[in-house]
1. Give me the residue from the stretch 63-77 that is among the aliphatic types (A, V, I, L, M) and in a helix (DSSP H, G or I) and, out of that set, modelled with the lowest pLDDT.
2. Can you give me the number of residues within the stretch 42-62 that are surrounded by 15 or more Cβ atoms within 10 Å (Cβ to Cβ) and not in a helix (DSSP H, G or I)?
3. Only one of Ala16, Ala37 is modelled with pLDDT of 90 or more, aliphatic (A, V, I, L, M), touching a helix residue (DSSP H, G or I) at 6+ places or on another chain (Cβ under 9 Å) and loosely packed, with under 14 Cβ neighbours inside 10 Å; which?
Amino acid sequence: MPVVIDGKTLYRIGEALAACPVSRATYFRWLKERRIADTQYRDRNGRRLFTESELDDLKHEAQKLVESPQSRLKFDE
């Protein structure tokens, strides 16, 4: 369930990743590779909170995988 703070709807990391759908491992790998920017909000425990635009960016990056999947390697038999 999203959190509303100062009129902004913020999504917890589990909700954001489920909406994309992206695994935690993939999300943190993308952060490390700088494919996506880190969130600007955190809760008092340091957990990431996603704005609508950050969620849209994550969905857009996840959609790239669907539109152009990596090519499979072919081995000589």
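The values are calculated or read from the model by the stated rules, or taken from the named source; none is laboratory data. On a predicted model such as this, the values are computed, not experimentally measured, just so you know. No Cβ is skipped: glycine too gets one built from the backbone with ideal geometry, and neighbour counts run over all protein chains shown.
1. By that ranking, first place goes to Val66.
2. The qualifying residues number 4.
3. So the residue among Ala16, Ala37 that is modelled with pLDDT of 90 or more, aliphatic (A, V, I, L, M), touching a helix residue (DSSP H, G or I) at 6+ places or on another chain (Cβ under 9 Å) and loosely packed, with under 14 Cβ neighbours inside 10 Å is Ala37.
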